[in-house]
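**Student:** Okay, handing you the structure first.
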Amino acid sequence: MKDNKNNIYQQMEELFRFILNNVDRSKVSSKNKAQIKEEIIGLQSFVVGARPARIAIVGRRGAGKSSLINAIFGEEKAEVGDYKSQTGSGKWYLFENKLGGIDILDTRGLGESHRPEEASRSETPIEEVKQSIKNKCPDVILFLCKGKEVGSRIDEDLHQLLQLKRDIYEMHTYEVPIVGIVTQVDELAPVSDSEPPFKHPKKQENISATVDLLGEKIKEIIATPVIVIPISAYVEYENGKIIYDRRWNIDVLLDYLITELPREAQVILAKISKVKSVQKKLARNIGKSVMTVTGLVGATPVPIADMPIITGLQLSMIGTIAMISGKKLNRKTIIQFVGAMGVNVGVGVALREISRHLVKVFPGAGSIISASIASAGTYALCEAAIAYFIDSKSEEEAKKIFEEQLEKEREKNN
């Protein structure tokens, strides 16, 4: 498994190297060339530099840290302590499955009065965390607070959180983003409405009130704007399978995290979450980046010379979307998909041939038409890849989406 994974990443790295070499040799203007290379290096970081997201989860005992980890994976990865804190020394734990992993800095609960199950090497939870962040910088901090406890005295916890934020900046010169999480909202009144999406007006009112209150408290002490997201992470497992699922807003949290995390941490998190809306959002973001590059390359009227760049970028986009979906990825998978779309002579050449015919009809519009056609093809391929890999549609269905999207984009640019 590991060798195969390394082989896939190596192939993607070789593909990006090939693209960059062709950019250097291309007749694209110096200004566009610099922008193109910058975009390509950014795209490269999604895959070649991919690593687990580093998430520091801070909160008092019983705030639901372990439940949140399990809710993200949809699997029982962290032991949930029913009455006593399970987590001891503040250190990094890699939680993973066959799709990837997340580095979690899970700490002994702030403000707890008893010793955890595991041995602790420091006097206070915040000191434990400081030891851990020296060698590894968190990408984001999640501050968890139970819905029923938002109104309680949490000022001390927030002052410790502020100190942690300052320590991270001092050690790594990184302004770590903080997300406030109101947990266990399913337990807010009225308890009779305990199943998502919590439609009872009073329930919605209470959830909104806790979000506003936690937001105010955080703003008072942390000052930096912090988003607050209410969640329910309650899931029951039996023999490794979910038998009862009360998760709510986990997709909203993941969607937000994708926008906050460094590029190299986004693909793996999207993949392991198995949340289609999150995977699609990231796939379209990548598609937009590739569209920008193919548009810039397409603006240079040298059809054959720029073909390897456009085709290479579109293949890298397809491969990245396949990886986000969690599907098994290899060179054959990508070639099979491209062939199913009916693009047999190279996507770049096919699209640029269309543009050359249009130039004959509209003299003088060459470079603009070329760019729009290259971008149109990229967008169509992106949507088709999302349909095929993420939505698990058939080759025929994906091809129909490709053709429909390409036609729409052509009409838009006419």
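The values are calculated or read from the model by the stated rules, or taken from the named source; none is laboratory data. Since the model is a prediction, treat every value here as computed from it, not as a measurement. No Cβ is skipped: glycine too gets one built from the backbone with ideal geometry, and neighbour counts run over all protein chains shown. To get the accessible areas, we keep the full protein, side chains included, count just its heavy atoms, and leave off ligands, DNA and RNA. Shrake-Rupley method; radii C 1.70, N 1.55, O 1.52, S 1.80 Å.
**Student:** If you take the residues of the stretch 211-238 that are among the acidic types (Asp, Glu) and within 23 Å of HIS159 (Cα to Cα), which of them is modelled with the lowest pLDDT? Reasoning before the result, please.
**Tutor:** Of all residues in the stretch 211-238, those among the acidic types (Asp, Glu) come to 212, 216, 220, 236, 238.
Subsequent filtering for residues that are within 23 Å of HIS159 (Cα to Cα) retains 212, 216, 220.
On the way: ASP212: 96, GLU216: 94, GLU220: 91.
Only one residue fits best here, namely GLU220.
**Student:** Which ones in the stretch 216-262 are of a type in the set (D, E, K, R) and over 20 Å from LYS199 (Cα atoms)?
**Tutor:** Of the stretch 216-262, the ones of a type in the set (D, E, K, R) are 216-217, 219-220, 236, 238, 241, 245-247, 251, 255, 260.
Result: GLU216, LYS217, LYS219, GLU220, GLU236, GLU238, LYS241, ASP255, GLU260.
**Student:** Restricting to the stretch 145-167, give me the number of residues that are part of a helix (DSSP H, G or I) and either buried (at least 21 other Cβ atoms within 10 Å of the Cβ) or not acidic (Asp, Glu) (or both).
**Tutor:** Total satisfying the criteria: 12.
**Student:** Inspect the stretch 34-52 for any residue being outside any helix (DSSP H, G or I), under 20 Å from the mean Cα position of the chain (by Cα) and of a type in the set (A, V, I, L, M) and give the result as yes or no.
**Tutor:** Yes, there is a match, as at least one residue in the stretch 34-52 is outside any helix (DSSP H, G or I), under 20 Å from the mean Cα position of the chain (by Cα) and of a type in the set (A, V, I, L, M).
**Student:** Are any residues in the stretch 237-282 of a type in the set (Ser, Thr, Tyr) and without any contact (Cβ under 8 Å) to a residue 12 or more places away in the chain, and if so, which ones?
**Tutor:** TYR244, THR259
**Student:** Checking ILE207 against (1) part of a helix (DSSP H, G or I); (2) open to solvent by 70 Å² or more (accessible area, probe 1.4 Å); (3) of a type outside the set (Ser, Thr, Tyr): exactly one of these is not met. Which one?
**Tutor:** Answer for ILE207: the failing condition is (2).
**Student:** Additional query: Looking at (1) open to solvent by less than 70 Å² (accessible area, probe 1.4 Å); (2) free of Cβ contacts under 8 Å to residues at least 40 places away in the same chain; (3) in a loop (DSSP other than H, G, I, E, B); (4) over 30 Å from LYS134 (Cβ atoms), can you tell me which one TYR174 breaks?
**Tutor:** Evaluating TYR174 over (1) open to solvent by less than 70 Å² (accessible area, probe 1.4 Å); (2) free of Cβ contacts under 8 Å to residues at least 40 places away in the same chain; (3) in a loop (DSSP other than H, G, I, E, B); (4) over 30 Å from LYS134 (Cβ atoms) leaves (4) as the failure.
**Student:** Mind checking whether some residue in the stretch 220-230 is open to solvent by 40 Å² or more (accessible area, probe 1.4 Å) and hydroxyl-bearing (Ser, Thr, Tyr)?
**Tutor:** Within the stretch 220-230 (the criterion being open to solvent by 40 Å² or more (accessible area, probe 1.4 Å) and hydroxyl-bearing (Ser, Thr, Tyr)), the answer is yes, since at least one residue qualifies.
**Student:** Output the residues belonging to the stretch 246-282 that are buried (at least 24 other Cβ atoms within 10 Å of the Cβ) and touching a Ser or Thr at 6+ places or on another chain (Cβ under 8 Å).
**Tutor:** VAL267, GLN279 - these are the residues of the stretch 246-282 that are buried (at least 24 other Cβ atoms within 10 Å of the Cβ) and touching a Ser or Thr at 6+ places or on another chain (Cβ under 8 Å).
**Student:** I'm trying to understand the selection: among the residues of the stretch 305-328, which are at pLDDT below 75 and open to solvent by 10 Å² or more (accessible area, probe 1.4 Å)?
**Tutor:** First pass over the stretch 305-328, keeping only residues at pLDDT below 75: 305-308.
Answer for the stretch 305-328, where residues must be at pLDDT below 75 and open to solvent by 10 Å² or more (accessible area, probe 1.4 Å): ALA305, MET307, PRO308.
**Student:** Let me ask something else. Could you grab me the full set of residues in the stretch 188-203 that are open to solvent by less than 70 Å² (accessible area, probe 1.4 Å) and part of a helix (DSSP H, G or I)?
**Tutor:** Within the stretch 188-203, just LYS203 meets the criteria.
**Student:** Every residue in the stretch 386-401 that is within 20 Å of ILE310 (Cα to Cα) and within 17 Å of the chain's Cα centre (by Cα), please.
**Tutor:** Passing the criteria: only ILE386.
**Student:** Any residue in the stretch 72-93 that's over 18 Å from VAL58 (Cβ atoms): show its pairings with residues that are at pLDDT below 75 and part of a loop (DSSP other than H, G, I, E, B) at Cβ separation under 8 Å, as long as the two are six or more apart or on different chains.
**Tutor:** Here the result reads GLU79/GLN86; LYS84/HIS114; LYS84/PRO116; LYS84/GLU117, each pair linking the stretch 72-93 to a residue that is at pLDDT below 75 and part of a loop (DSSP other than H, G, I, E, B).
**Student:** Related question: Of all residues in the stretch 143-171, how many are in contact (Cβ under 8 Å) with a residue 12 or more places away in the chain, more than 18 Å from LEU68 (Cα to Cα) and out of contact with any helix residue (DSSP H, G or I) (no Cβ under 8 Å at 6 or more places or on another chain)?
**Tutor:** The qualifying residues number 2.
**Student:** If you don't mind, there's one more thing I want to ask. Out of the residues in the stretch 63-106 meeting the condition of being assigned to a loop (DSSP other than H, G, I, E, B) and touching a Gly at 6+ places or on another chain (Cβ under 6 Å), tell me which one is modelled with the highest pLDDT. Even if it seems obvious, please write down each step before you answer.
**Tutor:** Keep residues of the stretch 63-106 that are assigned to a loop (DSSP other than H, G, I, E, B), which gives 63-64, 74-90, 98-99.
Add one more test, that the residue is touching a Gly at 6+ places or on another chain (Cβ under 6 Å), and what stays is 85, 99.
On the way: SER85: 42, LEU99: 88.
In this case the residue turns out to be LEU99.
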